[in-house]
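Enquirer: My structure is below; once you've seen it, I'll send some questions.
The values are calculated or read from the model by the stated rules, or taken from the named source; none is laboratory data. This structure is a prediction, so every number in the text was calculated from the model and none was measured. Every residue, glycine as well, gets a Cβ built from its backbone with ideal geometry; the counts of neighbours run over all protein chains shown. Only protein heavy atoms, including side chains, enter the accessible area calculation; ligands, DNA and RNA are left aside. Shrake-Rupley method; radii C 1.70, N 1.55, O 1.52, S 1.80 Å.
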Amino acid sequence: MKRIAVIIIICIFSVLLLCGCSAESPLPVSAAAISRTKEGYKMTAELIRQDSLDGDAEPVYLTAEGESLPALFDDAVCKLGGHFYFSHAETVIVDITLAREGLTELAAFLAERPDARLTLRLVVARGAPAEEILQLEALGESIPGVALYDLLEGLTARGEIPDLPLYQVHNALQNGQAVQLPCLYETEDGHAASKGLAVLENGVLSGFLPEEAQNG
């Protein structure tokens, strides 16, 4: 009986170890949407889940809230049991509610985080909440956030939008310079597209430039 009990305990322990490993499997963040709320901030993060090496990657979404930007990210870390891999994020979509209040603090916060890429791109959602833009169905790509980054990279390469990675946006805002960020909107067929630029003066949204004026 004792031997049977020991075997059962070992089996249970092994299952717990396997479950623990599965729970701690990394889910890298591909993109995020951040907005301002009455209580503080809200973030929707797109995580990439792949159950096996041969399986297809698919997006899952996490919502976090906090009274401040540090509290916002702490909430995301807490909800993922300490495994919030933001170092893979390539795009942060800013809601217009936050752009109107100012992006200087956000740009500085992200630029100072050791797990944030200095090359990630900030964009402004227009016509729909940032979290909705993030989750729109992608054309030819199963991961919407990855598709958005590819879209922005293509527009940048063709000179259709300014090439302003995070570190340049941060430096410009710290020096009181005007910044132009790409705008994302939802098309009639339910996809995300870029049109126009959001103009920030003293870090605060001051207006928009039409699509035809992007290269002017």
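Enquirer: Of all residues in segment 86-109, which are of a type in the set (D, E, K, R), open to solvent by 20 Å² or more (accessible area, probe 1.4 Å) and in contact with a Ser or Thr (Cβ under 7 Å, 6 or more places away or on another chain)?
Expert: Selection gives E90 alone.
Enquirer: Which residues, counting only those in segment 127-142, are surrounded by fewer than 19 Cβ atoms within 10 Å (Cβ to Cβ) and at negative phi?
Expert: Across segment 127-142, the qualifying residues are A128, P129, E132, Q135, E137, A138, L139, E141, S142.
Enquirer: Listed residues L122, L98; which is at pLDDT 95 or above and part of a helix (DSSP H, G or I)?
Expert: From the options L122, L98, the qualifying one is L98.
Residues checked against (1) within 19 Å of the chain's Cα centre (by Cα); (2) within 18 Å of A45 (Cβ to Cβ):
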position	(1), (2)
E112	yes, no
A125	yes, yes
A130	yes, yes
Q135	yes, yes
S142	yes, yes
D150	yes, no
D163	yes, no
N202	no, no
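Enquirer: Starting from residues that are of a type in the set (F, W, Y) and modelled with pLDDT under 95, keep the ones in segment 43-85 and report whichever is surrounded by the most Cβ atoms within 10 Å (Cβ to Cβ).
Expert: Of everything passing the filter in segment 43-85, F84 is surrounded by the most Cβ atoms within 10 Å (Cβ to Cβ).
Enquirer: Quick one: would you say L205 is open to solvent by 40 Å² or more (accessible area, probe 1.4 Å) and either part of a strand (DSSP E or B) or over 22 Å from A108 (Cβ atoms) (or both)?
Expert: When the stated conditions are applied, L205 does not pass them.
Enquirer: Under the condition of being part of a loop (DSSP other than H, G, I, E, B) and either in contact (Cβ under 8 Å) with a residue 12 or more places away in the chain or among the β-branched types (V, I, T) (or both), which residue from segment 110-119 is surrounded by the fewest Cβ atoms within 10 Å (Cβ to Cβ)?
Expert: That would be T119.
Enquirer: Further, regarding this structure: When you check A147 against the structure, is it farther than 16 Å from A125 by Cα, open to solvent by less than 80 Å² (accessible area, probe 1.4 Å) and not charged (D, E, K, R), yes or no?
Expert: no
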